[in-house]
Amino acid sequence: MRLIAIAVATVVLGGFALAGSVKAAPPWQGYSILYFNEAGEEVGGAVASCGGQYSSWGERTAIFQKQTWFCD
């Protein structure tokens, strides 16, 4: 039982670490993501700017397009 609890905690913490790394962009890079449904309609998006600001809207899907750019 203790082993299961440790495994679950490890998966949860790993998920939090991954979620944090997806949002943050390196200081020298920004990006934008558009999420689409199966019909190809835009249903959400996210932007991480060069200044470190992050904003998102809508829903995340497995179908997306990501654009990156380098900051001055």
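The values are calculated or read from the model by the stated rules, or taken from the named source; none is laboratory data. The shown structure was predicted, so the numbers you read here are calculated from the model rather than taken from an experiment. With ideal geometry, Cβ positions are generated from the backbone for all residues, glycine too; neighbour counts draw on all protein chains shown. Each accessible area value is taken on the protein alone, full model and side chains, heavy atoms only, with ligands, DNA and RNA left out. Shrake-Rupley method; radii C 1.70, N 1.55, O 1.52, S 1.80 Å.
Is at least one residue of segment 19-41 among the polar types (S, T, N, Q), modelled with pLDDT of 60 or more, out of contact with any helix residue (DSSP H, G or I) (no Cβ under 9 Å at 6 or more places or on another chain) and open to solvent by less than 40 Å² (accessible area, probe 1.4 Å)?
Scanning segment 19-41 turns up at least one residue that is among the polar types (S, T, N, Q), modelled with pLDDT of 60 or more, out of contact with any helix residue (DSSP H, G or I) (no Cβ under 9 Å at 6 or more places or on another chain) and open to solvent by less than 40 Å² (accessible area, probe 1.4 Å).
Which pairs do you get when a residue that is in a loop (DSSP other than H, G, I, E, B), found in segment 51-72, comes within reach of a residue that is of a type in the set (Asp, Glu) and open to solvent by 90 Å² or more (accessible area, probe 1.4 Å), reach meaning Cβ atoms under 9 angstrom, with the pair 6+ apart or on two chains?
So the pair list comes out as 61/38.
For the subset of segment 42-62 comprising residues that are modelled with pLDDT under 95 and open to solvent by 50 Å² or more (accessible area, probe 1.4 Å), which member is nearest to residue 72 (Cα to Cα)?
Per the stated criteria, the residue is 50.
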